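Read-outs: derived from the displayed coordinates by stated rules, not from any lab. A quick note: this is a predicted structure, and the numbers were derived from the prediction, not measured. Cβ placement follows ideal geometry from the backbone for every residue including glycine, while neighbour counts extend to all protein chains displayed.
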Amino acid sequence: MHGRTLDYVIIIVYLIGIAVIGSKAGGKNRDIKDYFLGSNVVPWLAVCFSVVAAETSTLTFISIPGLAYLTNLNFLQLALGYLLGRIVVAYVFLPAYEKGELKTAYTFLEHRFGGPVRSYASIVFLFTRTAADGVRLFATAIPLKLLLGISYPAAIIIIAIVTLVYTYTGGVRGVIWVDVLQMFVYLIGAVISGIFILKLLPNGWDTFINIGTNSGKLSFIHLGFENGFAGFFSHPYTLIGGILGGAFLSMASHGTDQLIVQRLLTTKNLKGSQKAVIGSGIIVIFQFAIFLLLGVLLYCYYGKMNIRSDEIFPMFIINVLPEGLSGLIIAGLFAAAMSTLAGSISSLSSSTIIDLFLPRFGKKYNENQQLKISRLFTIAWAGLLVIAALLFIQSNQAVVELALSISSFTYGGLLGTFLLGIIVKDAKQKEALIAFSAGLMGMTVVILTKLTAWTWFTLIGVVITLSVGYIATIFRKNFGKSTVSD
């Protein structure tokens with residue numbers, strides 16, 4: 001990118017502008033309710049866009065086009081499941097949150113099972129979110145190292161510092177409004193890239209349709225029975241596996257993960273939260289369609305090459321896009337990375353303060369002191385995410401698989417424990433702790449032995465957790481008397 005001054009100007013202006021906008025949009029934060037919940041006055045549409053941006057990391061921006069380049073549009077089956085899962089979250093999980101006037105996803109577990117279950121879930125969230133988003137932060141450094149000619153640590157630290165500025169000063173309101181802007185930046189970048197490729201193809205759209213159809217790249221329904229029963233579970237993107245896997249993954253990520261739940265709790269009322277989460281599912285389907293079609297377009301332009309799928313889109317940005325336009329796309333990469341990172345910093349800080357710190361030490365500090373401590377935790381978690389990202393630089397495993405494996409490790413146990421509290425009315429604290437632990441241990445075995453494709457991970461974790469919790473509850477009712485409180 002030597003000599004491409006305009007690209008550098010666009011990127012620098014964008015980074016500075018984002019930091020200023022986020023700080024101003026957050027307004028004055030008087031207490032931790034302002035800082036972590038936005039005083040429950042954020043419009044639902046803004047929350048909807050923010051949810052989409054938060055779940056769209058650089059992995060999505062570079063890996064989904066690469067996935068379609070290698071395969072086809074089968075990933076869309078998973079996106080349909082995402083929408084179904086969010087509908088369940090809207091009408092099962094969110095009313096439970098609203099009824100309890102909850103501040104974090106894990107407050108529900110305390111109301112239902114007691115403080116130890118809440119602390120257990122929160123600690124598990126903190127560890128896995130740090131590891132998974134450390135991977136996502138590192139993934140941002142892959143294309144940025146190629147595009148800007150800087151080192152991995154430099155790219156990681158630049159993104160972390162800019163994100164920290166507006167997260168620290170603006171709180172969750174600042175994060176949400178910046179997410180709204182950044183969603184449009186990276187989507188516009190993807191659409192412009194697709195249009196640019198179409199212009200480069202001889203006969204444009206006709207060539208796209210012909211190559212896409214003849215190569216099978218435009219296929220998006222895969223039943224998965226051609227290789228028998230074992231093949232059905234080993235392929236991640238079958239119709240049933242994709243829809244079920246996507247639904248349960250979405251129920252876990254949008255119903256139990258503080259990264260998303262924190263945003264949903266900032267709306268004015270339950271109806272606003274429901275519209276935000278369902279609306280995000282509809283947008284995500286269109287978003288994945290755009291990224292996947294971009295991958296097919298890249299295949300039409302380059303043909304089959306011996307290259308890592310994650311490198312195909314960055315290579316196109318570097319070698320083909322003109323000066324200025326490539327700067328806009330790089331800004332889109334920053335946008336996708338920072339929206340996820342900002343959400344991680346804010347959700348990690350809020351869970352630490354609200355779930356762990358305040359129940360034990362809250363009475364010692366007034367509201368102003370609690371706000372100051374919250375901001376210190378914001379800085380601390382930003383630093384820990386940078387450290388986590390640096391640790392993954394030497395990893396040889398594909399970053400997409402690494403991030404999904406880490407997230408899936410706990411999602412099944414978390415979702416299963418939430419459902420245990422909702423479905424099994426007689427379940428108590430001891431059963432919840434046993435079930436959650438069984439879910440985590442079960443997923444450890446499934447992931448390490450690679451028994452199934454990753455799309456089945458969350459569903460398997462839910463089944464293990466719910467089954468163990470239900471059996472433990474029946475056992476206690478029939479053979480013993482629990483001395484543990486609800």
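Take each peptide in 288-294, 274-280, 188-194, count the other Cβ atoms within 10 Å of every residue, and average; sorted highest first, the result is 274-280, 288-294, 188-194. Just want to confirm a number: the relative contact order over region 405-486, from Cα pairs under 8 angstrom separated by 6+ residues, in percent. Taking the mean separation of contacting Cα pairs over the length of region 405-486, I get 44 percent.
Projected label points at Leu384 and Ala154, each 7 Å from Cα along the beta carbon direction, are separated by 3.0 nanometres. Local charge for Gln274 was computed over the other residues whose Cβ lies under 10 Å away, with Lys and Arg +1 and Asp and Glu -1, and equals +2.
Using θ = phi - 60° in the Karplus curve 6.51 cos²θ - 1.76 cosθ + 1.60, the 3J(HN,Hα) couplings for region 79-87 round to 5, 5, x, 4, 5, 4, x, 5, 5 Hz; x is entered for Gly and Pro.
The ranking of Thr60, Thr71 by Cβ neighbour count inside 10 Å, starting from the fewest, reads Thr71, Thr60. For region 304-311, backbone phi angles converted through the Karplus equation (6.51, -1.76, 1.60; θ = phi - 60°) give residue-by-residue couplings of 7, 10, 8, 8, 4, 4, 5, 9 Hz, Gly and Pro being listed as x. Going from the fewest other Cβ atoms within 10 Å to the most, the residues Phe357, Phe334 appear in the order Phe357, Phe334. Working ranking of peptides 83-95, 367-379 by packing, defined as the average number of other Cβ atoms within 10 Å per residue, highest first, is 83-95, 367-379. 3J(HN,Hα) along region 462-469, derived from phi through the Karplus expression 6.51 cos²θ - 1.76 cosθ + 1.60 where θ = phi - 60°, amounts to 5, 4, 4, 5, 5, 5, 5, x Hz, with x in place of Gly and Pro.
Annotation: extensible slack from Ser467 through Trp205 equals 89.2 nm (criterion: 0.36 nm per residue apart, minus Cα-Cα distance).
Sorting the segments 157-165, 256-264 by their residues' average number of neighbouring beta-carbon atoms within 10 angstrom, most packed first, yields 256-264, 157-165.
Remark: spin-label model distance Arg360-Lys268 equals 3.9 nm, labels positioned 7 Å along the Cα→Cβ axis.
For region 355-396 versus region 280-305, the spacing of their alpha-carbon centroids is 37 Å. Applying 1/(1 + (r/R0)^6) with r as the Cβ-Cβ distance of Val320 and Leu6 and R0 = 22 angstrom yields a FRET efficiency of 0.85. Sorted fewest first by neighbouring Cβ atoms within 10 angstrom, Trp44, Trp205 come out as Trp205, Trp44.
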